[in-house]
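Here you go, one structure.
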Amino acid sequence: MREAYLQGIVISRLRKEFGSDIWFEKISDRFKRGVPDILGGYRGRFFAMELKRPRGGRVAVVQSVTLGAIRDAGGLAVVIRGAEDIAAAI
């Protein structure tokens, strides 16, 4: 499964679960290293999702550091590899 396909699944699921109560942005700027693929907010809570292929997709050190900084600041930061990760995050 490619990350672009996984991104479509995640976005569809977010829209289905939360409708207009959620805000999110797909990050596609490849020149900003470490920024998670999806950033958003829901009822005053910030979240970040780094999308990786189920097999072989590795989280880079800079991505791991960024996700940790988001968690330290009180946000939800997760790595999504498939449908079960989406459900757990939601």
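Being at pLDDT 95 or above, on the phi > 0 side of the Ramachandran plot and not polar (S, T, N, Q) narrows it down to one of GLY19, GLY74, GLY44, so name that one.
Details: GLY19 fails: at pLDDT 95 or above; GLY44 fails: at pLDDT 95 or above.
After applying the criteria, what remains is GLY74.
Any idea how many residues of the range 46-59 are assigned to a loop (DSSP other than H, G, I, E, B), touching a residue at least 24 places away in the same chain (Cβ under 8 Å) and open to solvent by 60 Å² or more (accessible area, probe 1.4 Å)?
In the first step, residues of the range 46-59 are kept if they are assigned to a loop (DSSP other than H, G, I, E, B); the result is 52-59.
Subsequent filtering for residues that are touching a residue at least 24 places away in the same chain (Cβ under 8 Å) retains 52-54, 57.
With open to solvent by 60 Å² or more (accessible area, probe 1.4 Å) added as a condition, the list becomes 53-54.
Count: 2.
Got a sec? Which of VAL62, VAL79 is open to solvent by 30 Å² or more (accessible area, probe 1.4 Å) and part of a helix (DSSP H, G or I)?
Details: VAL79 fails: part of a helix (DSSP H, G or I).
Residue meeting the stated conditions: VAL62.
Given the condition in a helix (DSSP H, G or I), of a type in the set (Asp, Glu) and over 14 Å from the mean Cα position of the chain (by Cα), answer yes or no: does some residue in the range 3-19 qualify? Spell out how you get there, then give the answer.
At the first step, the residues of the range 3-19 found to be in a helix (DSSP H, G or I) are 3-19.
After this cut, where a residue has to be of a type in the set (Asp, Glu) as well, the list is 3, 17.
Remaining after also requiring over 14 Å from the mean Cα position of the chain (by Cα): 17.
So far as the range 3-19 goes, yes, one or more of its residues are in a helix (DSSP H, G or I), of a type in the set (Asp, Glu) and over 14 Å from the mean Cα position of the chain (by Cα).
Pick from the range 22-33 the residues that are hydrophobic (A, V, I, L, M, F, W, C) and in a strand (DSSP E or B): which of them is most open to solvent (accessible area, probe 1.4 Å)?
If we filter the range 22-33 for residues that are hydrophobic (A, V, I, L, M, F, W, C), which is where we start, we get 22-24, 27, 31.
Filter once more, so that each one left must be in a strand (DSSP E or B): 22-24.
Details: ILE22: 24, TRP23: 140, PHE24: 37 Å².
Among those residues, the one meeting the criterion is TRP23.
Could you please give the count of residues in the range 34-45 that are over 15 Å from ILE90 (Cβ atoms), surrounded by 15 or more Cβ atoms within 10 Å (Cβ to Cβ) and either in contact with a Leu (Cβ under 9 Å, 6 or more places away or on another chain) or polar (S, T, N, Q) (or both)? Steps first, please.
Applying the first criterion (over 15 Å from ILE90 (Cβ atoms)) to the range 34-45 yields 34-37, 39, 44.
Now drop any that are not surrounded by 15 or more Cβ atoms within 10 Å (Cβ to Cβ), which leaves 35-37, 39.
Then drop every residue that is not either in contact with a Leu (Cβ under 9 Å, 6 or more places away or on another chain) or polar (S, T, N, Q) (or both), which leaves 36-37.
So the count comes out to 2.
Looking only at the range 60-81, count how many residues are over 16 Å from ILE9 (Cα atoms) and touching a residue at least 40 places away in the same chain (Cβ under 8 Å).
In the first step, residues of the range 60-81 are kept if they are over 16 Å from ILE9 (Cα atoms); the result is 60-77.
Pick out the ones that are also touching a residue at least 40 places away in the same chain (Cβ under 8 Å) and you get 77.
Total meeting the criteria: 1.
Which count do you get for residues in the range 7-21 that are open to solvent by 80 Å² or more (accessible area, probe 1.4 Å) and in contact with a Phe, Trp or Tyr (Cβ under 8 Å, 6 or more places away or on another chain)? It would help to see each step written out before you state the result.
Here is the first cut: in the range 7-21, the ones open to solvent by 80 Å² or more (accessible area, probe 1.4 Å) are 15-17, 20-21.
Still in the list and also in contact with a Phe, Trp or Tyr (Cβ under 8 Å, 6 or more places away or on another chain): 21.
Final tally of qualifying residues: 1.
The values are calculated or read from the model by the stated rules, or taken from the named source; none is laboratory data. This structure is a prediction, so every number in the text was calculated from the model and none was measured. Because the Cβ atoms are built from the backbone with ideal geometry, glycine has one as well, and the counts that use them run over all protein chains shown. SASA here: full protein model, heavy atoms, side chains in, ligands and nucleic acids out. Shrake-Rupley method; radii C 1.70, N 1.55, O 1.52, S 1.80 Å.
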